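This report refers to the structure that appears directly beneath it.
Every read-out reported here was derived from the displayed coordinates using simple, explicitly stated rules and does not represent laboratory data. Remember, it's a predicted structure, so these values are computed and weren't measured experimentally.
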Amino acid sequence: MDSPRELGLKRQASGLRNRGDALGTEEQRRTSAPGPGFTRPVGVWIDPPKWRKATAWARLRPAFLVIGAQRGGTTSLYRYLCAHPDVLPALRKEIHYYDFQFGKGRAWYRAHFPRKRGLRSRAITGEASPYYMVHPLAPGRAHP
């Protein structure tokens with residue numbers, strides 16, 4: 001029988017980091033793509049505040065997606081884009097809507113972007129989620 005420490009190391013190695021049993025949480029099983037060898041990136045999935053979701057209709061639609069390899073400069077590119085006065089950042093850089101959060105709906109996604117009111121007419125926004133490049137369902141979801 002494995003000690004608690006050994007179990008914790010096994011969970012970390014499998015990417016679960018003590019978040020559930022060996023199969024993962026219900027959310028992980030429901031949103032993961034089928035197929036052998038598919039792994040979900042480890043991270044904290046934080047929902048936007050409820051008031052942002054209620055005002056999703058009044059928020060900018062993303063004009064760009066930064067997609068690329070992890071450790072391939074996507075963060076730098078996103079920061080360079082957001083440095084422009086007409087480009088506004090999302091609530092966080094990696095939203096992961098088209099890969100793991102798609103089941104939460106479009107209002108959840110739009111809640112991550114700035115409101116339209118009071119912005120310059122040329123203002124745009126976008127996100128950078130490198131994992132879209134390797135997720136098997138992301139391209140079809142991003143381009144309906």
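Tabulated results
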| item | result |
| --- | --- |
| Projected area, mean over directions - the range 50-142, Cα convex hull, nm² | 6.0 |
| Karplus-derived HN-Hα couplings along the range 109-119 (A = 6.51, B = -1.76, C = 1.60, θ = phi - 60°), whole Hz, x at Gly and Pro | 5, 5, 5, 7, 10, x, 6, 6, 4, x, 9 |
